[in-house]
Amino acid sequence: MRVLVTGAAGFIGYHVAQALLARGIEVVGVDDLNPYYDVRLKQARLARLGAGFTFHHLNIAEHEAVMRLGDGVEVIVHVAAQAGVRYSLENPFAYATSNLTGHLSILELARHTPSVKHLIYASSSSVYGTGSTLPYAESERADRPSSLYAATKKADELMSASYTHLFGLKQTGLRFFTVYGPWGRPDMAYFSFAEAISAGQPVTIYEGGRLQRDFTYIDDIIAGILGVFDHPPTDATPHRLFNIGNNRAEYVTDLVRLLEEGLGRKAITVNRPKPEADPEKTCANVDALHGLCGYVPSTKLADGIPRFVEWYKQWQEVRETL
Ligand code: UGA
């Protein structure tokens, strides 16, 4: 079996590719290796993907090149994106290119590749925006995004819905909730705070750390993605949307404390008001995914952050040699 993984050099894409390879599945990876964050980390992830993995260095917005990637592909796991909530205020066009044009390229590829039976794609908890009831259920309207990033992810869901309606494409959209762990994203709080604490630099904390996130550990995320992979859509429900979170909102103050404990250093904190784009709290209702495949996230922040810190300390040394 052959699976195309977009964003294979990214955090989630790399872990998905590794899990599929471990099952003996052939993985075709694509990534543009853009410099949004340390490219050494992206290259180091790729270097760990061994036998059964082939790689194409290209931007998924280049739709003519993307159309050449479908040979024999049965499933697409599309997790390439311009991520980050606040950066979408700084560089909005990066979101249009990767998340709108890029998503359309993948839809077109799936539409014109008869061997493709299932497209799994990344959405985001941020689609719940303002006015949704916690814990967020997939039945919420989710049409009041509080950032352009969220708006592009909601647009992806709508574009996908139209392709299922028009072409019968079988798809699953996954609304990821603040995913963290080893080989993670340096732009996210857990990673950038670890960098600042290690370097003795100040850490900006919004609202004194009283914001809450449904921090979800990467191993739980991978278990959920494999569950969706193993339970593809049926003709009755050809396009599905699932939350993939932890169902356990935790405070940013707890994140900082766990990092301090792991790194053995106190954080120097600077308190700031929350940016308009950031929700106060997120929390996923994961009943639907549980019903599909028995998904039960099991990693608390108190267990996941020490595992991240252990990896991070090794990475700090390795990257200096690259
Ligand atoms: C994260 C990812 O960055 C998005 O790509 C993803 O789509 C989103 O999760 C999601 O769940 O949909 P976010 O929850 O904002 O977005 O993650 P972080 O940037 O790691 O922030 C975590 C928490 O720390 C937030 O409450 C944020 O307000 C807070 N924070 C962040 C600070 O207090 N200070 C900072 O300097 C940065």
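The values are calculated or read from the model by the stated rules, or taken from the named source; none is laboratory data. What you see is a predicted model, and the numbers here were worked out from it, not measured in a lab. Reconstructed Cβ throughout: ideal geometry from the backbone, glycine too, with neighbour counts over all protein chains shown. Heads up: the accessible areas ignore ligands, DNA and RNA and are worked out on the full protein's heavy atoms, side chains in. Shrake-Rupley method; radii C 1.70, N 1.55, O 1.52, S 1.80 Å.
So if I check each of Asp278, Asp235, Asp220, Asp187, which one is touching a Gly at 6+ places or on another chain (Cβ under 6 Å) and among the acidic types (Asp, Glu)? First the steps, then the outcome.
On the way: Asp278 fails: touching a Gly at 6+ places or on another chain (Cβ under 6 Å); Asp235 fails: touching a Gly at 6+ places or on another chain (Cβ under 6 Å); Asp220 fails: touching a Gly at 6+ places or on another chain (Cβ under 6 Å).
Exactly one of Asp278, Asp235, Asp220, Asp187 is touching a Gly at 6+ places or on another chain (Cβ under 6 Å) and among the acidic types (Asp, Glu), namely Asp187.
Under 8 Å by Cβ, and 6 or more places apart or on different chains, what pairs join a residue from the stretch 248-261 that is among the acidic types (Asp, Glu) with one that is buried (at least 17 other Cβ atoms within 10 Å of the Cβ) and not in a helix (DSSP H, G or I)?
Glu250/Gln212; Glu250/Arg213; Glu250/Asp214; Glu250/Phe215; Glu260/Ala267
Among the residues of the stretch 199-208 satisfying the criterion of being open to solvent by less than 60 Å² (accessible area, probe 1.4 Å) and closer than 18 Å to Val309 by Cβ, which is nearest to the ligand (Cβ to nearest atom)?
Val203
Consider only pairs whose beta carbons are under 8 Å apart and that are at least six residues apart or on different chains; among these, list those whose first residue lies in the stretch 224-243 and is touching a residue at least 60 places away in the same chain (Cβ under 8 Å) and assigned by TED's automatic domain parsing to the domain that holds Leu20 and whose second residue is open to solvent by 30 Å² or more (accessible area, probe 1.4 Å) and basic (Lys, Arg).
Pro232/Lys117; Pro232/Lys170; Pro233/Lys170; Pro238/Lys170; His239/Lys170
Does Gly129 satisfy the criteria of being within 16 Å of Gly84 (Cα to Cα) and either touching a helix residue (DSSP H, G or I) at 6+ places or on another chain (Cβ under 8 Å) or in contact (Cβ under 8 Å) with a residue 60 or more places away in the chain (or both)? Walk me through it before giving the result.
Details: within 16 Å of Gly84 (Cα to Cα): yes; either touching a helix residue (DSSP H, G or I) at 6+ places or on another chain (Cβ under 8 Å) or in contact (Cβ under 8 Å) with a residue 60 or more places away in the chain (or both): yes.
Considered against the rule, which asks whether it is within 16 Å of Gly84 (Cα to Cα) and either touching a helix residue (DSSP H, G or I) at 6+ places or on another chain (Cβ under 8 Å) or in contact (Cβ under 8 Å) with a residue 60 or more places away in the chain (or both), Gly129 comes out as yes.
Filter the stretch 267-306 down to residues that are in a helix (DSSP H, G or I) and farther than 14 Å from Tyr180 by Cβ, then give me how many there are.
7
Kindly check whether there is at least one residue in the stretch 271-282 that is open to solvent by 20 Å² or more (accessible area, probe 1.4 Å), acidic (Asp, Glu) and more than 15 Å from the ligand (Cβ to nearest atom). Walk me through how you get there before you give the answer.
Quick first cut of the stretch 271-282, residues open to solvent by 20 Å² or more (accessible area, probe 1.4 Å) only: 271-276, 279-281.
Checking the rest, the ones that are also acidic (Asp, Glu) come to 276, 280.
This time we only want the ones that are more than 15 Å from the ligand (Cβ to nearest atom), so: none.
Looking for residues that are open to solvent by 20 Å² or more (accessible area, probe 1.4 Å), acidic (Asp, Glu) and more than 15 Å from the ligand (Cβ to nearest atom), one finds none in the stretch 271-282, hence no.
Determine if the stretch 121-139 includes at least one residue that is closer than 17 Å to His239 by Cβ, more than 12 Å from the ligand (Cβ to nearest atom) and either at pLDDT below 95 or surrounded by fewer than 16 Cβ atoms within 10 Å (Cβ to Cβ) (or both).
The answer is yes, given that some residue of the stretch 121-139 is closer than 17 Å to His239 by Cβ, more than 12 Å from the ligand (Cβ to nearest atom) and either at pLDDT below 95 or surrounded by fewer than 16 Cβ atoms within 10 Å (Cβ to Cβ) (or both).
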